[in-house]
1. Return the only residue of 37, 56, 66 being open to solvent by 50 Å² or more (accessible area, probe 1.4 Å) and closer than 25 Å to residue 13 by Cα.
2. Return yes when residue 110 is of a type in the set (D, E, K, R) and under 29 Å from residue 63 (Cβ atoms) and no when it is not.
3. Looking at residue 19 and the list (1) open to solvent by 100 Å² or more (accessible area, probe 1.4 Å); (2) under 21 Å from residue 109 (Cβ atoms); (3) not hydrophobic (A, V, I, L, M, F, W, C), which single condition is not satisfied?
4. Looking only at segment 69-86, count every residue that is surrounded by fewer than 16 Cβ atoms within 10 Å (Cβ to Cβ) and either among the small types (Gly, Ala, Ser) or farther than 20 Å from residue 37 by Cα (or both) and tell me the total.
5. Only residues in segment 92-116 that are under 14 Å from residue 67 (Cβ atoms) and open to solvent by less than 60 Å² (accessible area, probe 1.4 Å) count as the first member; pair them with residues that are part of a strand (DSSP E or B) and among the acidic types (Asp, Glu), Cβ under 9 angstrom, at least 6 apart or cross-chain, and list the lot.
6. Would you pick out the residues in segment 6-16 that are closer than 18 Å to residue 72 by Cβ and surrounded by 15 or more Cβ atoms within 10 Å (Cβ to Cβ)?
7. Would you mind finding the one in 110, 71 that is among the acidic types (Asp, Glu), over 17 Å from residue 20 (Cα atoms) and either out of contact with any Leu (no Cβ under 7 Å at 6 or more places or on another chain) or at pLDDT below 95 (or both)?
Amino acid sequence: MIDDLVLGGHLRRRKSATDILEDLRHGQGDADQRLWLRRYHRVEFMRIGLRDILGLADIEQAFGELSSLADACLQYALEIVLRRHKISIPPLAIIGLGKLGGAELNYGSDLDIMFIAPDKTRNLPKLHRWPPK
């Protein structure tokens, strides 16, 4: 993993949430989307940490990239659920609170999120099931 990051020049590159989401979408064809998302997150988390340790990014950049990673992973997870349930328009929004909302995540942060949906939205409980029936 480290060789790929170093030799591929990935350590020098700063990534936005858009860049990370684009990378994540390359795994859309993977049969186990949860595993794909976990693996991608682990590699990207390590890339950000190495950039920080090696002085290739300052702490603000690292916190920003960690927040971008969380944003992109949440977006991709929502896309997975929508795709599996054949839903074209998201019936809800995911709002990041706390450090996520302020783009200040650090290495030990959890994600404080809120799901918001209109009162008339139906069948939200079916989105909780994995895999969908």
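The values are calculated or read from the model by the stated rules, or taken from the named source; none is laboratory data. Because the structure is predicted, anything quoted here is derived from the model rather than measured. Ideal geometry is used to build each Cβ from the backbone, glycine not excepted, and the neighbour counts take in all protein chains shown. Remember, those area values only see protein heavy atoms, side chains included, never the ligands or the DNA or RNA. Shrake-Rupley method; radii C 1.70, N 1.55, O 1.52, S 1.80 Å.
1. Numbers: 37 fails: open to solvent by 50 Å² or more (accessible area, probe 1.4 Å); 66 fails: open to solvent by 50 Å² or more (accessible area, probe 1.4 Å).
Result of the check over 37, 56, 66: 56.
2. Details: of a type in the set (D, E, K, R): yes; under 29 Å from residue 63 (Cβ atoms): yes.
Here the answer is yes, as residue 110 does meet what is asked.
3. Checking residue 19 against (1) open to solvent by 100 Å² or more (accessible area, probe 1.4 Å); (2) under 21 Å from residue 109 (Cβ atoms); (3) not hydrophobic (A, V, I, L, M, F, W, C), the one that fails is (1).
4. Result for segment 69-86: 1.
5. 96/112; 98/112; 100/112; 101/112
6. Initially, segment 6-16 is screened for residues closer than 18 Å to residue 72 by Cβ, giving 10, 13-16.
If the condition is that a residue be closer than 18 Å to residue 72 by Cβ and surrounded by 15 or more Cβ atoms within 10 Å (Cβ to Cβ), then 10, 15 are the ones that fit.
7. Details: 71 fails: over 17 Å from residue 20 (Cα atoms).
The match here is 110.
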